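Written out below as structure tokens is the structure these notes cover.
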Amino acid sequence: MNIILKKDVANLGYANDEVTVKSGYARNFLIPKGFAIVANEKNKKILAENLKQKAFKEEKIRNEATDRAKLLNGLTLKIGAKAATSGKIFGSVNVIQLADAIKEQHNYDVDRKAITIEGETIKEVGTYKASIQLYKDIKADFSFEVIAE
């Protein structure tokens, strides 16, 4: 029996896959649990339309992320921190401060969870690098300078 999976099923397939299984498995387990639907012509057309719309939405999101990456690549930020005369910072610079600095200096909202700082924690005045994960495989790299206030 041919079915279309609505959810990922271990050792069978992923959502929106059309697979062939034994009739009893489909009628007694997969369909009643909501894991699958029968692969008739009507459901195949619905699946094709849903995949088409999903691809369109994903392409739109990917294009927006690419445009943002172009804006954010090579960005330079200045972050002020209280520091001793030796250049050591009281505390450290974190991704929350980076997200706030991007918002203040360039008027652009960034999710702090998407920012990664290269290297270890930042506890001294200087120039450092970081990156923002905008989409699955789209990344923007930028640098920031920690200055003493």
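Values quoted throughout were computed directly from the atomic coordinates according to the rules given, and no laboratory measurement underlies them. Quick caveat: nothing in here was measured; it's all calculated off a predicted structure. Using ideal geometry, Cβ is built from the backbone for each residue, glycine included, and neighbour counts are taken over all protein chains shown.
Annotations
- Using the empirical formula 2.2 N^0.38 Å as the baseline, the Cα radius of gyration of segment 69-148 reaches a ratio of 1.07.
- Over the chain: helical MRE at 222 nm, DSSP H runs n ≥ 4 each giving -39500 (n - 2.57), nearest 500: -10500 deg cm²/dmol
- Using Cβ point charges alone (K and R +1, D and E -1), the dipole size of segment 69-148 about the Cα centre works out to roughly 60 debye.
- Cβ-based charge dipole, the chain, positive-most Cα from N73, T116, V21: V21
- For Rg and Dmax of the Cα atoms in Å, calculated from these coordinates, the label among (1) 18.0, 58; (2) 14.8, 47; (3) 24.5, 77: (3)
- Overall dimensions of segment 2-68 by Cα: Rg and Dmax, Å: 14.9, 50
- Residues K139 and K57, FRET efficiency given R0 of 22 Å [Cβ-Cβ distance, rounded to 0.05]: 0.55
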